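So the structure is just underneath, and the comments pick up after that.
The values are calculated or read from the model by the stated rules, or taken from the named source; none is laboratory data. If you're wondering where the values come from, they're calculated on a predicted model, not measured in any experiment. Every residue, glycine among them, receives a Cβ derived from its backbone with ideal geometry; neighbour counts consider all protein chains shown. These accessible areas exclude ligands, DNA and RNA; they are computed on the full protein's heavy atoms, side chains included. Shrake-Rupley method; radii C 1.70, N 1.55, O 1.52, S 1.80 Å.
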Protein chains: 2
Amino acid sequence: MIGQQVADSIERRSGVSLWRQIADRILQSIAAGDFIENAALPPEVALAERYGVNRHTVRSAISALVQEGVLRAEQGRGTFVLSRKRLSYPIGARTRFSAGLQGQTSERHIVLLASSIEPASQRVAEGLGLARGAGAMRLETRGEADGRPVSRAASWFDARRFAGIDAAMAETGSITASLARFGIDDYLRQSTVLSARHADAADLADLDLQPGAIVLVTVAVNVTPDGRPIQFSESRFPAERVELKLSAL
Amino acid sequence: MIGQQVADSIERRSGVSLWRQIADRILQSIAAGDFIENAALPPEVALAERYGVNRHTVRSAISALVQEGVLRAEQGRGTFVLSRKRLSYPIGARTRFSAGLQGQTSERHIVLLASSIEPASQRVAEGLGLARGAGAMRLETRGEADGRPVSRAASWFDARRFAGIDAAMAETGSITASLARFGIDDYLRQSTVLSARHADAADLADLDLQPGAIVLVTVAVNVTPDGRPIQFSESRFPAERVELKLSAL
DNA sequence: TAAATTTGTCTATTGATATAGACAACTATA
DNA sequence: TATAGTTGTCTATATCAATAGACAAATTTA
């Protein structure tokens, strides 16, 4: 009889407060398309009954989502869904930030937050095929779509081969365009490893999230068409705003 | 100077308790390989100082992880890491449960928990290319590796074409083998959409998780080599035990 | 053996979380 | 214009989460 998974019960004394769990459920509901844009949420008393909690607890959840800009509450009328669906970020052989989100947003770009040259850690050295401790250029970037942050990444490049890529990145706002300046006309995604965790303090600040949010984490290596690694990166995506669509599989 | 992301601060009044956040950090640390198997965790006072909390709060985090079987505490000696690294579950054109985990575990299989025939919901109908409301056979399964649950899935098939696949699944413990009985010698992963959320009550029970845990969610369609959809599925993976490795990209 | 280190247990106190009930303020509708 | 339905605010109480300090119990080291 049920086509979707139904699991309305809520875990008590779990280390995650009831209002945060309910807020998560409502976000899921919206992302799953249970509410059209501008649709009214069920009234607070109904939600309280559904989740088996007090009305005030539901109100805490709602007020957190109002803070996040997901809902709008109007006294006497109801509570309404503001947010659009999650962005669907494609990951495949030719993963490109801007091209991937084309059609879903009117505007998108990458901001260079910081850059530095540092000795390659073990995993960076492995990913780039460098000697451990060799110079690696690190770029800290944030991806934005329609003014909302949708990704936060650290990327490493061979500092010798790509000297000055930080300036190129700041100027062009595009990894693809920056690499082109170094003679890289095309590159491919060689590997992607995916995990998820709670957002840490840095994620919260960089991605404009509320504490307790979940981030998807990808660790990836990009290579030239002939297989030489050029970029190693770790990216974080806010799970409440982004889903990853694995394509070209 | 730092090769890895460092973010030790903890968020207060976030809806996620400090002990749960610290437990998450320790799990990340272990998964990232900061501790070798059987290595001692830093003493409680040191951890309390690092995270800026009281020793008792650290103890709450540790005791949760002891409950989960990740740590072992010994009075007078220290607290030790038990758990192995996360399993790496490959997702690609030929995603197969057992073959994918080969080499990482000595034993793995799929258990059929339940099955039923139901009218296809909208998303199932879309995924399988059926009319909405047409008969869909649903299989509820759990993947286990070395006796630990590593995945929990609901799969839907065209009930007419695959009548009896539930019995085949119960008998063989393999999707691939069951499909072979219906003349499907090969099948490909057409699409995979990935997201993450907090585990709900059903996940907690089915995957043997502690409340507050995170699950990775994939929604996928498998097709025959000539492109006809045969299986629509939603799978949940415990993020603390599994990472997804996107291959053949 | 003595001292230092580490986990385990207890008491007490404070702040955040959750419940309960009552009523005000606002909106839509019969 | 009532009335019903909804969100907003207030008070009170109970439980969980976190801090603080002290000391016991077990282990390792000097």
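Listed here are the residues, each with its yes/no results for (1) without any contact (Cβ under 8 Å) to a residue 40 or more places away in the chain; (2) in a strand (DSSP E or B).
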site	(1), (2)
A:Gln190	yes, yes
A:Leu194	no, yes
A:Asp203	no, no
A:Gln210	no, no
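Kindly establish whether A:Ile91 is crowded, with 21+ Cβ neighbours inside 10 Å, aliphatic (A, V, I, L, M) and within 14 Å of chain B (Cβ to nearest Cβ).
Against the criterion (crowded, with 21+ Cβ neighbours inside 10 Å, aliphatic (A, V, I, L, M) and within 14 Å of chain B (Cβ to nearest Cβ)), A:Ile91 qualifies.
Do you know which residues across segment B:218-234 are surrounded by fewer than 22 Cβ atoms within 10 Å (Cβ to Cβ) and under 20 Å from A:Val242 (Cβ atoms)?
Those that are surrounded by fewer than 22 Cβ atoms within 10 Å (Cβ to Cβ) and under 20 Å from A:Val242 (Cβ atoms): B:Val219, B:Glu234.
Among the numbered criteria (1) modelled with pLDDT of 90 or more; (2) open to solvent by 60 Å² or more (accessible area, probe 1.4 Å); (3) within 12 Å of chain B (Cβ to nearest Cβ), which one does A:Ala32 miss?
(1)
Across segment A:60-86, what is the total count of residues that are within 22 Å of A:Gly212 (Cα to Cα) and either in contact (Cβ under 8 Å) with a residue 24 or more places away in the chain or surrounded by 17 or more Cβ atoms within 10 Å (Cβ to Cβ) (or both)?
Of the residues in segment A:60-86, 15 are within 22 Å of A:Gly212 (Cα to Cα) and either in contact (Cβ under 8 Å) with a residue 24 or more places away in the chain or surrounded by 17 or more Cβ atoms within 10 Å (Cβ to Cβ) (or both).
Being more than 13 Å from chain A (Cβ to nearest Cβ) and open to solvent by 30 Å² or more (accessible area, probe 1.4 Å) narrows it down to one residue among B:Gly133, B:Gly143, B:Gly147, B:Gly173; which is it?
Answer to the check: B:Gly147.
Residues are listed down the side, and each one gets a yes or a no for (1) under 30 Å from A:Ala199 (Cα atoms); (2) of a type in the set (A, V, I, L, M, F, W, C); (3) touching a residue at least 40 places away in the same chain (Cβ under 8 Å):
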position	(1), (2), (3)
B:Leu139	no, yes, no
B:Ser151	yes, no, yes
B:Ile175	no, yes, yes
B:Phe232	no, yes, yes
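Does segment B:44-54 include one or more residues that are open to solvent by 30 Å² or more (accessible area, probe 1.4 Å) and within 22 Å of B:Val242 (Cα to Cα)?
Taking segment B:44-54 first, the residues open to solvent by 30 Å² or more (accessible area, probe 1.4 Å) are B:44-46, B:49-50, B:52, B:54.
Checking the rest, the ones that are also within 22 Å of B:Val242 (Cα to Cα) come to none.
No.
Checking the conditions here, which among B:Ile62, B:Ile110 is at pLDDT 90 or above, within 25 Å of A:Ser195 (Cα to Cα) and away from chain A (no Cβ under 14 Å)?
Just one listed residue meets the conditions, B:Ile110.
Residues checked against (1) facing chain B (nearest Cβ under 7 Å); (2) within 14 Å of the chain's Cα centre (by Cα); (3) on the phi > 0 side of the Ramachandran plot:
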| site | (1), (2), (3) |
| --- | --- |
| A:Asp203 | no, yes, no |
| A:Asp206 | no, yes, no |
| A:Ile214 | yes, yes, no |
| A:Val217 | no, yes, no |
| A:Ala220 | no, no, no |
| A:Asp226 | no, no, no |
| A:Pro229 | no, no, no |
| A:Arg236 | no, yes, no |
| A:Leu244 | yes, yes, no |
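Given segment A:26-126, what helices (runs of 4 or more DSSP H) lie entirely inside it while holding 3 or more residues that are more than 16 Å from DNA strand C (Cβ to nearest atom) and not acidic (Asp, Glu)?
Those helices (runs of 4 or more DSSP H) span A:97-101.
Can you tell me which residue in segment B:94-120 is most open to solvent (accessible area, probe 1.4 Å), limited to those that are under 28 Å from B:Gly227 (Cα atoms) and without any contact (Cβ under 8 Å) to a residue 12 or more places away in the chain?
Ranking the candidates gives B:Gln102 first.
Out of all the residues in segment A:38-52, which are away from DNA strand D (no atom under 11 Å from the Cβ) and closer than 11 Å to A:Val81 by Cβ?
A:Asn38, A:Ala39
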